[in-house]
Amino acid sequence: MTMANDYKKPNYKSIYMLTLGIPIILAAVYFGFGISAFCLSVSVVVVALIAKGILDDIYPQAIILIGGIALLLIVAFLLPGTPLVKETSGSRLIDIFGSMKSIFATNMSGLGLIIMIIAGFSRYMQEIGASQKLVEISVKPLGVLKSKYIVLGSCFVLIQILAIFITSPSGLSLLLMSTLYPILRSIGCSKGAVAAVIASICINYGPAEVGTILISQLANHDLFSLFLKVQLPMVIVVFPFIGILHMFMQKYWDEKEKNNSNSDEEDYAFDNKEMPPKPLFYAFFPVLPLVLLFCGSQLMQDFLPPAYHVNIDIISALLISFFLAFACEFIRNRNIKESANQIKFLFEQMGTSLSSIVSIMLCAQVLAEGLIKIGFVNILFSSLPAGAHTELMMVAFFSFFIFVSIVILGSSSTFNAFAPFAAEMAKAGGVSATKVLLSMYYSAGFGRAFSPIAGFIIAVAGLVGLKPYDLIKRNAVQLACGYALSLVITYFIA
């Protein structure tokens with residue numbers, strides 16, 4: 001009985017209306033207004049249905065891929081003059097899948113491989129205790145600060161700096177709960193204030209971040225240059241700004257909740273994976289890829305003689321760091337079986353990232369290809385007024401869309417899905433793709449910090465016995481102000 005009552009029947013009336021109504025309306029547009037209006041209408045309908053499907057928690061990869069194939073089918077049969085591939089197979093239908101093959105092959109050997117290796121490397125760093133050691137060392141200097149609210153504000157800045165090396169918000173927040181949380185509680189900080197600061201991971205950045213790599217690829221922007229010249233100036237301003245606001249807002253909420261029935265005396269136990277003590281130098285391994293990238297960047301080559309010029313890509317930097325860490329772990333353990341077993345976590349995480357991040361990126365590229373081939377981007381921009389306000393409109397629209405959708409979803413899947421489309425729209429309109437994509441990316445980070453179903457917010461709130469809303473309300477003012485400031489700075493410097 002319970003299962004029968006809990007089962008939610010599909011709304012067949014709505015399904016029938018969509019199935020019958022949309023084709024009839026699109027056919028009327030085709031015969032009444034011509035092929036251009038039809039292509040524009042089809043594109044809008046496909047994007048709208050994909051967005052609705054994602055918000056309805058339908059598997060995003062499936063609906064994005066189906067939407068892309070549907071657009072390519074229309075191109076194949078209604079736009080015979082539009083090529084689908086460089087060299088046709090002789091069949092327009094087969095060319096659709098040839099186009100998909102080309103997209104998959106190009107991205108899997110490029111950006112997809114980078115994403116998988118970054119994910120595997122991060123997991124390996126956690127398994128050998130290198131990430132834990134980095135956090136332990138980083139939080140020790142906080143003991144010299146006297147005011148607990150200054151400590152809280154400084155912790156936010158420290159957490160965001162650590163996020164460049166430990167790119168998983170969930171992994172970083174759990175490490176901080178086992179290291180930073182007890183320290184801050186011991187100096188008198190309330191559990192709500194500490195948990196809120198730990199749960200305010202809001203800006204993704206850095207050359208090893210998946211989103212930054214995706215932006216550099218889509219915008220044809222040098223990866224390390226993007227970090228140094230665009231991302232770094234923004235975070236240097238925004239991090240201290242949010243940190244200072246944390247000092248005042250956490251104090252405000254502590255005073256407001258003094259008489260609250262939710263006692264602050266009780267702390268909630270949580271499981272923490274005990275690991276053997278690790279040497280101090282293990283903390284260097286998560287940082288090593290960035291050091292290698294910096295040494296091989298154009299910035300360093302300008303200061304070094306030609307004999308010392310070295311070019312190194314991010315995959316090579318990650319693999320060098322991985323093998324150095326593996327060698328040190330083997331020398332310490334003197335146990336080849338145990339050291340070898342730890343490598344499986346690298347490949348397991350690579351597979352996980354393939355099924356979650358890389359797959360949606362591949363499907364999104366198929367959708368973007370369909371939107372380009374059908375002419376949606378060109379048609380849309382030909383109807384927009386030219387000028388600086390067009391750029392502002394595009395940045396505002398995509399930023400707002402990504403922010404709202406990720407607040408609802410709690411994950412960055414929407415950014416990964418719509419980034420290729422946004423990049424093509426920006427390029428077609430003569431707008432800075434870097435500016436649009438970075439604004440979307442920061443919207444994704446802040447939106448996740450506002451989402452009550454984001455994994456790391458649920459985890460932190462659950463560990464201290466609070467509700468996700470309790471953490472979000474403590475962070476709302478400072479993160480909203482930081483979000484606005486980050487968009488303004490990005491708009492003017494990107």
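Residue under question is residue 226, and the condition is that it be open to solvent by 20 Å² or more (accessible area, probe 1.4 Å) and of a type outside the set (Lys, Arg); does it hold? No: the conditions fail for residue 226. Could you give me the residue pairs with C-beta distances under 6 Å whose first residue belongs to segment 60-83 and is within 27 Å of residue 359 (Cβ to Cβ) and hydrophobic (A, V, I, L, M, F, W, C), whose second residue is open to solvent by less than 20 Å² (accessible area, probe 1.4 Å) and not in a helix (DSSP H, G or I) wherever it lies, and which are 6+ apart or on separate chains? Going by the 6 Å Cβ cut-off, the qualifying pairs are 71/374; 75/374. Pairs linking a residue in segment 96-123 that is free of Cβ contacts under 8 Å to residues at least 60 places away in the same chain to a residue that is open to solvent by less than 20 Å² (accessible area, probe 1.4 Å), with Cβ atoms under 8 Å and 6 or more positions apart or on different chains, are 96/72; 96/76; 96/84; 98/84.
Which condition does residue 482 not pass, out of (1) open to solvent by 40 Å² or more (accessible area, probe 1.4 Å); (2) more than 20 Å from residue 181 (Cα to Cα), if it passes all the others? Of the numbered conditions (1) open to solvent by 40 Å² or more (accessible area, probe 1.4 Å); (2) more than 20 Å from residue 181 (Cα to Cα), the odd one out for residue 482 is (1).
Residues in segment 314-359 that are β-branched (Val, Ile, Thr) and under 11 Å from residue 119 (Cβ atoms) were compared, and the one that is surrounded by the most Cβ atoms within 10 Å (Cβ to Cβ) is 358.
With respect to (1) surrounded by 19 or more Cβ atoms within 10 Å (Cβ to Cβ); (2) within 22 Å of the chain's Cα centre (by Cα), the lone exception for residue 84 is condition (2). Of the residues making up segment 124-144, those that are open to solvent by 60 Å² or more (accessible area, probe 1.4 Å) and either within 20 Å of residue 249 (Cα to Cα) or among the charged types (D, E, K, R) (or both) are 136, 140.
In segment 22-29, the condition of being in a helix (DSSP H, G or I), modelled with pLDDT under 70 and open to solvent by less than 70 Å² (accessible area, probe 1.4 Å) is met by no residue.
Hey, any hits in segment 157-169 for a residue that's farther than 30 Å from residue 255 by Cβ, of a type in the set (Ser, Thr, Tyr), assigned by the TED database to the domain that holds residue 448 and within 18 Å of the chain's Cα centre (by Cα)? Scanning segment 157-169, I find at least one residue that is farther than 30 Å from residue 255 by Cβ, of a type in the set (Ser, Thr, Tyr), assigned by the TED database to the domain that holds residue 448 and within 18 Å of the chain's Cα centre (by Cα), so the answer is yes. Filtered by the rule that a residue be under 18 Å from residue 412 (Cβ atoms) and either aliphatic (A, V, I, L, M) or at pLDDT below 80 (or both), segment 30-55 gives 50, 51, 54, 55. A residue that is more than 27 Å from residue 157 (Cα to Cα) and touching a residue at least 24 places away in the same chain (Cβ under 8 Å) occurs nowhere in segment 129-136.
The values are calculated or read from the model by the stated rules, or taken from the named source; none is laboratory data. Treat the numbers as computed from the prediction; the structure is a model and nothing was measured. Note: ideal-geometry Cβ built from the backbone for every residue, glycine included; neighbour counts use all protein chains shown. Keep in mind that these areas ignore ligands, DNA and RNA; they rest on the heavy atoms of the full protein, side chains included. Shrake-Rupley method; radii C 1.70, N 1.55, O 1.52, S 1.80 Å.
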